[in-house]
Amino acid sequence: MLLASERKGHVLKPWVKIALVTAVVAVPAMALGQVIWPPATGGPEPTAGQLPFFLFLAVFEALTFGLGVSFLLFGFPSISRAVGGSPLRAWAMYLAIGWFLVSWWPHDNMHIHNGNDLQGLLYIEYGFHVTLMAGGLILAYSLLTMLRSSDAGVQPASATSPRVR
């Protein structure tokens, strides 16, 4: 039987769990992006000078996707604590932040796959851009309501202690 101190040695620190999940998700995402969404036939080809910039974007999007999955797996307790009393606001903020992180990988790959199909472009724009705008509104509204003194525990200016000079 393991003692409590021995069991502690087997528990991963939060940053290690986040890094592991991020890597486990990001590496396959990077490899599978153009397998799941093959480039459109006859689509534009990047020049040799553009290719490193597109590769950087692909790597950054895959890492952000992996970090978003990590956030969705481990982030809710922290958001809930930070937000305080409103479970609805906590869930709305949690999902908005998660969507901000995970949406870039499928979004960019769908653009590559879509090519010049304008109807497909409309689906992509509404499915990603409009939902990201809604997420921004959710986060802005949530922050503003948290900044109200009754929601955020902020003391009125008259209740603060004077500064010591």
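General remarks:
- Gyration tensor (alpha-carbon) shape descriptor, segment 12-151, a/c threshold 1.5: oblate
- Residues A82 and A134, FRET efficiency given R0 of 22 Å [Cβ-Cβ distance, rounded to 0.05]: 0.55
- Residue exposure sequence - S142, S78 - by fewest surrounding Cβ within 10 Å: S78, S142
- 3J(HN,Hα) couplings calculated from phi for segment 28-33 with the Karplus curve 6.51 cos²θ - 1.76 cosθ + 1.60 (θ = phi - 60°) are, in sequence order, x, 4, 4, 6, 9, x Hz; Gly and Pro show x.
- Using the Cβ-Cβ distance between T41 and H107 with R0 = 22 Å, the FRET efficiency computed as 1/(1 + (r/R0)^6) comes to roughly 0.60.
- Förster radius 22 Å - calculated FRET efficiency between N116 and Q50, Cβ distance, rounded to 0.05: 0.75
Any read-out appearing in this document is the output of simple, stated calculations on the displayed coordinates, not a laboratory observation. If you're wondering where the values come from, they're calculated on a predicted model, not measured in any experiment. We place every Cβ from the backbone using ideal geometry, glycine too, and count neighbours over all the protein chains shown.
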